[in-house]
Amino acid sequence: MSAKPFASSADLAAKTETLEVLAEGVYALTAEGDPNVGAIEGEEFVVAFEARATPAAARDWLARLREHTDKPIRYLVLSHYHAVRVLGASAFDAEVIVAHENTRKLIAERGMQDWASEFARMPRLFKQPEEIPGLTWPQMTFTDRLTIDLGGDRGELILQYCGRGHTAGDIVAWLPRPRVLFAGDLVEARAALYTGDAFHADWSTGTLDRVAAFGAEAVVGGRGAVPRGRAAVDAAIVQTRDFLLVMREKIGAVHARGGTLREAFEATHAALAPQYGAWPIFEHCLPFNVQRLWDELDDIDWPRVWTPERDREVWDKLQGQLA
Ligand SMILES: [Zn+2]
């Protein structure tokens, strides 16, 4: 059998985008497993959550949002540094771009490489890439918690760091009254996890504990439809944790007995595929995920930088030879 196409390079079919109104003035745009985005209406302004991969892709989302509100976008909140979440920022014309301090650090350290890597992995998401003006720089950063008063009787939007997880700088956005949580890539609902820049031990324990502790009634995860109701929200968090725990168990066992990275990949693939194999980006992500967790077990705390060259090398070593 021929080798699998690299990452999502052969995934060229457009997805159906759905705008969901989760509460009054609270919006999410989901797209069958493509990265989700959201927005929260204040009295005088809008807070946008995530920016998409390019200005053109962002404009498609804003056109949908503008069917509901014409208020200016004051804050653009970025949950983390990944290119497909941040490089469309210029389209929002936001007064302030907000992110975690570690996200700014990661953009400075590896933003250019991540852009090149993600473009090669998921070219379909990069609509009109020539319009990207450059890296996206957060103008306001924080380390623990930041509160935005939405005005009127709309209450507050709380931006919270829950610990290291999908990256070193993920933040969530929490609306206490409608109990809606925008979780970024810390939670996936019926979509595979990408953990190539992750901290698996922290994420699968304290970080997800803190995410679960919000007690959300709806959670906008990084990809996939929006789970609504406590049971569905809990199921998404359980799924996310289970995916991580299976990886830690399988890769940890092979690593502990002095096995190879390839053996760790095969054991993890076999364990996860029955439940998660058909979900979006499963095959795409797994080689990068296994490599990162293997690095963690080798005591490489700070994730190595992905480049298109290193992506290919890891892909060919793990997915390329699978029969
Ligand atoms: Zn991400």
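Oblate is the label for the range 111-267. Its Cα gyration tensor axes, ordered a ≥ b ≥ c, give a/c of at least 1.5 and b/c at or above a/b. Between helix 101-121 and the chain there is an angle of about 60 degrees, using the helix long axis and the longest principal axis of the Cα atoms. Give the angle, between 0 and 90 degrees and rounded to the nearest 10, that separates the Cα long axis of helix 308-318 from the longest principal axis of the Cα atoms of the chain. With rounding to tens, the tilt is 50 degrees. Surface composition of the chain: carbon plus sulfur atoms contribute 51% of the solvent-accessible area (1.4 Å probe, protein chains only, all chains present). Per residue, the accessible area of the range 190-322 comes to 39 Å² when a 1.4 Å probe rolls over the protein heavy atoms. For the chain, the Cα-based Rg and Dmax, in that order, read 18.7, 62 Å. Charge tally for residue 9 (other residues, Cβ to Cβ under 11 Å; Lys, Arg +1; Asp, Glu -1): +2. Accessible surface computed residue by residue for the range 11-143, with neighbouring protein chains in place and a 1.4 Å probe, gives 38 Å² per residue. An oblate overall shape is assigned to the range 83-130, the ratio a/c of its alpha-carbon gyration tensor axes (a ≥ b ≥ c) being 1.5 or greater and a/b not exceeding b/c. The Cα atoms of the range 59-142 give a gyration tensor whose axes a ≥ b ≥ c have a/c of 1.5 or more with a/b no greater than b/c, which makes the shape oblate. How many angstrom separate the Cα center of the range 44-66 from the Cα center of the range 78-118? A separation of 15 Å, based on Cα centres. Residues of the range 176-219 falling in the label zone of residue 149, defined by backbone nitrogen less than 18 Å from a point 7 Å along Cα to beta-carbon, are 176-177. Within the shell defined by Cβ-Cβ distances under 12 Å, the residues around residue 295 carry a net charge of -2, with Lys and Arg each +1 and Asp and Glu each -1. Once you treat every alpha carbon in the range 220-323 as an equal point and sum by Debye, what is log10 I(q)/I(0) at q = 0.13, 0.14, 0.21 Å⁻¹? Log-scaled intensity ratios, in q order: -0.52, -0.60, -1.18. Taking a straight Cα-Cα cut-off under 27 Å and skipping sequence neighbours fewer than 8 places away in the same chain, the lysines within cross-link reach of residue 15 are 4, 127.
The values are calculated or read from the model by the stated rules, or taken from the named source; none is laboratory data. The structure displayed is predicted, hence computed values, not measured ones. When we count neighbours, we look across all protein chains shown, and the Cβ atoms used for this are built from the backbone with ideal geometry, even at glycine. For the accessible areas, the whole protein counts, side chains as well, though only heavy atoms, and no ligand, DNA or RNA atoms are used. Shrake-Rupley method; radii C 1.70, N 1.55, O 1.52, S 1.80 Å.
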